[in-house]
Structure formats: structure tokens, C-alpha cells
Amino acid sequence: MTKTLLAEFTAREGAEDEVAALIRDYAVKVREEEGNLAFDVYTKAADPRAYWIFEVYRDEDAFKAHLDAPYGAPFNAALTSLIEEDASVLTFLDPLATHR
């Protein structure tokens, strides 16, 4: 079963360009991971400092490999000082089961 999540954070005022550059570089690396199926970065139309990142991994093992990637910790360390939250807020998602 795929592992799907939404990561949310808000760039601090004045850090918008630095956050955008950081997430662009990180997205390139994540999208190259063998088990990554989607890493889509969005900003809210009404608040471009607010980011939503939709992530899908092949399975739990692929997600764990993502967490263990050597560029993850440096990315998160750099991001922490540039956002309003203490860290990205993660929401794990499950598909809606449909029955006929």
C-alpha cells in the first residue's frame, strides 16, 4: 500500500525566496528516489508563504528510505529556521475505500 502525506509549513516573512530555493532543490532530490511516486509542491493562492507538499511513496519501506536519505536532515535543519512552525506539520492520508 502506498504511503501518502501532506506536509505543511509557512515561510517567515523575509525568508520567502530562501524557502522557495531550498524546497526546489530538495524536490529534485526526492523525485529521484526510487520509491517516490509524487512530490508536488504548492503554495496557497491566498497566502504564498504557506506551503503544502503532497508526497506519495510506493510503500512503507520507500518512505523509510526517504527518511533515511542523507539530504533530509540538512534540509530540515535549514528549513526550521526559515518557517513559522517548529517543523513541517505532517498529515498522513489514507485513500477513501469505495464499495459498490
Quiz item: in contact with a strand residue (DSSP E or B) (Cβ under 9 Å, 6 or more places away or on another chain) and open to solvent by less than 70 Å² (accessible area, probe 1.4 Å): does that describe Leu37?
Solution: no
Quiz item: Just wondering, is there one or more residues in the stretch 49-60 that are of a type outside the set (Val, Ile, Thr), open to solvent by 80 Å² or more (accessible area, probe 1.4 Å) and part of a loop (DSSP other than H, G, I, E, B)?
Solution: yes
Self-check item: Unique residue being touching a residue at least 40 places away in the same chain (Cβ under 8 Å) and not aliphatic (A, V, I, L, M) when the list is Phe39, Phe9
Solution: Phe9
Quiz item: Could you count how many residues in the stretch 61-70 are surrounded by 12 or more Cβ atoms within 10 Å (Cβ to Cβ) and touching a residue at least 24 places away in the same chain (Cβ under 8 Å)?
Solution: 5
Quiz item: Does the stretch 5-19 hold any residues that are surrounded by fewer than 17 Cβ atoms within 10 Å (Cβ to Cβ) and assigned to a helix (DSSP H, G or I), and which are they?
Solution: Glu16, Asp17, Glu18
Exercise. Pull up the stretch 63-90, narrow it to residues that are among the aliphatic types (A, V, I, L, M) and part of a helix (DSSP H, G or I), then point me to the one that is farthest from Ala11 (Cα to Cα).
Key: Ala65
Quiz item: Within the stretch 77-87, is there a residue that is within 20 Å of Glu34 (Cα to Cα) and open to solvent by 50 Å² or more (accessible area, probe 1.4 Å)?
Solution: no
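The values are calculated or read from the model by the stated rules, or taken from the named source; none is laboratory data. What you are looking at is a predicted structure, and each value in this text was computed from that prediction instead of being measured. In this analysis, Cβ positions are derived from the backbone assuming ideal geometry, glycine residues included, and neighbour counts consider all displayed protein chains. What goes into the accessible areas is simple: the full protein's heavy atoms, side chains included, and nothing from ligands, DNA or RNA. Shrake-Rupley method; radii C 1.70, N 1.55, O 1.52, S 1.80 Å.
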